[in-house]
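Trainee: Quick one: the structure is below, questions incoming.
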Amino acid sequence: MKKSLRILGIILAAVIIIGTFWFLWRQSQPKEVSFEILLPERRTLYRKTVATGKVEPRDEVNVKPQIQGIISEIYVHPGDRILAGEPIARIKVIPEMASLNNHQSQVRTAQLTLEETEREHARIENLYSRKVVSREEYEKSLNNLLKVREQAQAAQDQLDIAVSGISKRSGKVNTTLVTSTVNGTVLDVPVKIGTAVISTSSFSDGTTVAIVADMSDIIFRGNIDETEVGRLRSGMGINLTIGALQNIVLPARLEYISPKGSESNGAVLFEIKAAATIPDTLLIRAGYSANAEIILDSRDSVLSIPESAVEFMADSAFVYKLTSDPDDRPQTFSRQPITIGLSDGIYVQVTDGISPADRLRGNEQRPR
């Protein structure tokens, strides 16, 4: 029994040793490597760049009041369509005491001057009727009376405007009513009822009552890196993709490239603007973030291969042409220099060195 166990142990040890040597021998043998075989094909290649930015109306108008006071009524809300001349808000005039006293004083002074001028003119008129004074003096007195009456009326108008924002002679002109100056959409109403507002003057920009813009005239405003701006020119076609509108591409045309760059995070960026074509059925909101895909260069129906099949060395490019039969193993290849052209990042144009019938080495095929 012991002898049998000893023989079995020796046999088992011999099998393990032989198996180990066989495994190591197999591991030391060179593995057969096979590659994917590629054929050159004709493609249309595009070289593109992407600019990030947002879409916004070409012109936004800040509507400001013509008089200072307090907002008493608001007639519109953000998103409403509005025509030029339509009311936006009404202002309740709160006159300043100093200004009110000044206007009242001017009215009293003008009235006193008018009364005195009327009495003087009455005397001249009486003397003229008796042919004591000449017609020239009478007409001079009459003109003076008319001037004083106009000054008195102007002083009264100024007082009325200071008190109520409107005068009797202004007719339909009402400075207490804030109206839109353009056709468009109300983007924002930054005031509320009770908000104090001031008019535009040489000392103040005035309070914005509403922001109105024509949303049918939309532009893309974005930035592009200095390495790409030299390839841009006005009139180039652009494809806009808006983050909020999936699977929608809007055509646009480049119309402005900033002549001066600005530095941001160590990079120099140039502002660009492009006019977008918006379908009537599509609702675009101001401020949507967007990406502009700009085609810098293109090649139509050129011989192309995957860029992964090209080997680059210094300023030269090479491919490996299959020299054996496609079914033979192992595969054999020859190194072939080529001249390349435009690349879109995936495929590259080949201008010289291979023909459409050549079979080229692609990626290594992993055994399954």
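Trainee: Is one or more of the residues making up region 250-270 modelled with pLDDT of 90 or more, outside any strand (DSSP E or B), more than 14 Å from the chain's Cα centre (by Cα) and within 17 Å of GLY53 (Cα to Cα)?
Mentor: yes
Trainee: Among the candidates THR332, THR339, single out the residue that is open to solvent by less than 80 Å² (accessible area, probe 1.4 Å) and at pLDDT 90 or above.
Mentor: Working: THR332 fails: at pLDDT 90 or above.
THR339 is the lone residue from the list that is open to solvent by less than 80 Å² (accessible area, probe 1.4 Å) and at pLDDT 90 or above.
Trainee: If you go through region 192-226, how many residues are surrounded by 15 or more Cβ atoms within 10 Å (Cβ to Cβ), within 24 Å of ILE284 (Cα to Cα) and not hydroxyl-bearing (Ser, Thr, Tyr)?
Mentor: 14
Trainee: Could you check how many residues of region 315-349 are charged (D, E, K, R) and closer than 17 Å to GLU36 by Cβ? First the steps, then the outcome.
Mentor: Initial filter on region 315-349 (charged (D, E, K, R)): 315, 321, 325, 327-329, 335, 344.
Filter once more, keeping what is closer than 17 Å to GLU36 by Cβ: 321, 325, 327-329.
Selection size over region 315-349: 5.
Trainee: May I pose another question? Filter region 51-94 for residues that are of a type in the set (Gly, Ala, Ser) and surrounded by 18 or more Cβ atoms within 10 Å (Cβ to Cβ); which is farthest from THR277 (Cα to Cα)?
Mentor: Within region 51-94, the match that is farthest from THR277 (Cα to Cα) is GLY69.
Trainee: Also, quick follow-up: Is it the case that PHE312 is in a strand (DSSP E or B), surrounded by 12 or more Cβ atoms within 10 Å (Cβ to Cβ) and not hydroxyl-bearing (Ser, Thr, Tyr)? Can you show your working first?
Mentor: Details: in a strand (DSSP E or B): yes; surrounded by 12 or more Cβ atoms within 10 Å (Cβ to Cβ): no; not hydroxyl-bearing (Ser, Thr, Tyr): yes.
Judged against the criteria, PHE312 is not a match.
Trainee: Is it true that some residue in region 280-296 is closer than 15 Å to GLY341 by Cβ, in contact with a Ser or Thr (Cβ under 9 Å, 6 or more places away or on another chain) and either touching a residue at least 60 places away in the same chain (Cβ under 8 Å) or among the small types (Gly, Ala, Ser) (or both)?
Mentor: Within region 280-296, the first condition is being closer than 15 Å to GLY341 by Cβ, and the residues that meet it are 296.
Still in the running and in contact with a Ser or Thr (Cβ under 9 Å, 6 or more places away or on another chain): 296.
This time we only want the ones that are either touching a residue at least 60 places away in the same chain (Cβ under 8 Å) or among the small types (Gly, Ala, Ser) (or both), so: 296.
Yes, that holds for at least one residue.
Trainee: If you check LEU283 against the conditions, is it assigned to a strand (DSSP E or B), out of contact with any Phe, Trp or Tyr (no Cβ under 7 Å at 6 or more places or on another chain), open to solvent by 30 Å² or more (accessible area, probe 1.4 Å) and not basic (Lys, Arg)? Show your work before the answer.
Mentor: Values: assigned to a strand (DSSP E or B): no; out of contact with any Phe, Trp or Tyr (no Cβ under 7 Å at 6 or more places or on another chain): yes; open to solvent by 30 Å² or more (accessible area, probe 1.4 Å): yes; not basic (Lys, Arg): yes.
In short, no.
The values are calculated or read from the model by the stated rules, or taken from the named source; none is laboratory data. If you're wondering where the values come from, they're calculated on a predicted model, not measured in any experiment. FYI the Cβ positions are ideal-geometry reconstructions off the backbone, even for glycines, and counts take in every protein chain you see. Quick note on the areas: whole protein, heavy atoms, side chains included, nothing else; ligands and nucleic acids left out. Shrake-Rupley method; radii C 1.70, N 1.55, O 1.52, S 1.80 Å.
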